[in-house]
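Report on the structure given below.
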Amino acid sequence: MLELNKIYNMDCLEGMKQLPDESIDLIITSPPYNLGKQHHTGNNRFKGYNEYHDDMPEELYQHWQIEVLNECHRVLKNNGSMWYNHKNRIRNGIQITPYEWLLKTNFIIKQEIVWFNGSQNFDKCRFYPMTERVYWLAKSPKTKMFNAINHHDVFDAKDWPPVGTKGKFKRAFPEKMVEDIISCFPNTQIVLDIFSGSGTTCAVAKRMGKQYIGFELSKEYCQMAEERIEQI
């Protein structure tokens, strides 16, 4: 097994191949969304990731996500859980939902969480899309969590405020999201994030006294994440 408490600068599929079966308690991650060469929020336009080709043919993207999720299924303990942050996307005028590939994986879907993040997408050709989804995935219907935060299945921007990393990482999912999820699985020992980005999952895991492993293709983000974690 790879050394714990490190973020590895490598492809997640290659990294997970080095993890034993059923070795991870909890996975919390958010993949690239395949938004295209450019996407917009309000008046700002962003280019896709440098390391991830974020304008893949949709069929290829979904196949990749199925492969990644099935490898997550392999390394997850039988009573473990995965939390997968994604969103409904509009491509060529058609909505694409993550269920299109989630239902083709080895996982079962325990619950879908709605996160109203207040994204400034004011395209008047449709009702403004301002939500993302967080899917609770598991191996068994008997997998349990404890709702330690006493919350319902809709979180807003006040519950989980979107964050960045001092202008370097334009947007990351919230530390509070990770904190709330981990707190609902008190027996968790090892947390995995396969798309670590600026290191949010790993940083929160360390702060909460958990072991962690992360994978990230970008050397810049790996360095940023390690610096962030060292300050804890």
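The values are calculated or read from the model by the stated rules, or taken from the named source; none is laboratory data. The structure displayed is predicted, hence computed values, not measured ones. Glycine gets a Cβ as well: all are built from the backbone with ideal geometry, and neighbour counts include every protein chain shown. What goes into the accessible areas is simple: the full protein's heavy atoms, side chains included, and nothing from ligands, DNA or RNA. Shrake-Rupley method; radii C 1.70, N 1.55, O 1.52, S 1.80 Å.
Miscellaneous remarks
- Shape category assigned to region 89-139 from the gyration tensor of Cα positions, a/c cut at 1.5: oblate
- Measuring only protein heavy atoms, the 1.4 Å probe finds V191 accessible over about 0 Å².
- Couplings for region 127-134, taken from phi via the Karplus curve 6.51 cos²θ - 1.76 cosθ + 1.60 with θ = phi - 60°, read 4, 4, x, 10, 10, 10, 10, 10 Hz in order; Gly and Pro are left as x.
- In the chain, the portion of solvent-accessible area held by carbon and sulfur atoms comes to 49 percent [1.4 Å probe, whole percent, DNA, RNA and ligands not counted].
- Where E230, E100 fall by accessible area, highest first, once all protein chains stay in place (1.4 Å): E230, E100
- Taking label positions 7 Å along the Cα-Cβ direction at both E175 and Y128, the computed distance is 2.8 nm, reported to one decimal.
- Virtual spin-label span in nm between Q95 and Q211, 7 Å along Cα→Cβ: 4.2 nm
- Shape call, the chain: gyration tensor on alpha carbons, a/c limit 1.5: rounded
- The residues of the chain have, on average, 52 Å² of accessible surface per residue, using a 1.4 Å probe with all protein chains present.
- Sites listed here are trypsin sites (Lys or Arg not before Pro) in region 109-208 whose DSSP assignment is loop and whose Cβ has at most 15 other Cβ atoms within 10 Å: K124, R126, K142, K144, K158, K166, K168, K170, R171.
- Heavy-atom accessible area, probed at 1.4 angstrom with all protein chains present, ranks H152, H73 as H152, H73, highest first.
- Oblate is the label for region 105-210, because the ratio a/c of its alpha-carbon gyration tensor axes (a ≥ b ≥ c) is 1.5 or higher and a/b is not greater than b/c.
- Sequence-distant residues sharing a close amide H with Y8 (under 5 Å, placed H): G214, F215, E216
- Projected label distance in nm at E230 and Q189, using a 7 Å step from Cα toward the beta-carbon: 2.9 nm
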